[in-house]
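K.L.:
Dropping the structure in here first, questions after.
The values are calculated or read from the model by the stated rules, or taken from the named source; none is laboratory data. None of these values were measured; they are calculated from a predicted model. A quick note on method: Cβ atoms are made from the backbone with ideal geometry, for glycine too, and the neighbour counts reach across all protein chains shown. Each accessible area value is taken on the protein alone, full model and side chains, heavy atoms only, with ligands, DNA and RNA left out. Shrake-Rupley method; radii C 1.70, N 1.55, O 1.52, S 1.80 Å.
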Amino acid sequence: MEINRPADGNKFKATTEVQYAQDRPNDFPVSLHLLGKYGLVGMVTKFGYFYLFETISANLVYRTVLSEDTIFVSCKSTTDDTVVVVNRRGQVIGVTINEQNLVPFITNNCRHIQDPTGISFRLA
């Protein structure tokens, strides 16, 4: 995914190895959604997980289970950075980011990230 174009004309690229849940070793991404307002990328997997990555370093910020059923389709809202997911049973699940808790969450809970404070300042 090309996120921005540095001044020297080269493309910016960030990659990371995704650590899937141990109970779902064969899981795989079904969609990626750039949440530009927050500088994050949301990834939805077949087995119902939602991963949130920071775009500059590709560090994992958050992971949660959206559904116990497999995911059929997902899309990003055209009006805001909400991700909408539909599972196999037809349930519609919305994912939104709590703006007031985003920076405190990264600062206090993302110790695996080399510079959580720097990321928090960029998102503030």
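K.L.:
Where only protein heavy atoms count, and the probe is 1.4 Å, what is the accessible area per residue for the range 18-78 in Å²?
P.N.:
So the range 18-78 comes to 51 Å² accessible per residue, rounded to a whole number.
K.L.:
Applying the Karplus parametrisation 6.51 cos²θ - 1.76 cosθ + 1.60 with θ = phi - 60° to the phi angles of the range 33-44, what ³J(HN,Hα) value in whole Hz is obtained for each residue in order, glycine and proline being reported as x?
P.N.:
10, 7, 9, x, 4, 10, x, 10, 10, x, 10, 9
K.L.:
Further question: Over the range 19-124, with every protein chain in place, what whole percent of the accessible area is carbon and sulfur at 1.4 Å, could you tell me?
P.N.:
51
K.L.:
Quick one: what are the phi-derived ³J(HN,Hα) couplings along the range 103-112, Karplus 6.51/-1.76/1.60 with θ = phi - 60°, whole Hz, x for glycine and proline?
P.N.:
Those phi angles translate into 5, x, 5, 5, 4, 8, 10, 9, 5, 6 Hz.
K.L.:
Where nothing but the Cβ of Lys and Arg (+1) and of Asp and Glu (-1) is charged, how large is the charge dipole of the range 42-92 around its Cα centre, in debye to the nearest 20?
P.N.:
Dipole of the range 42-92, to the nearest 20 debye: 200 debye.
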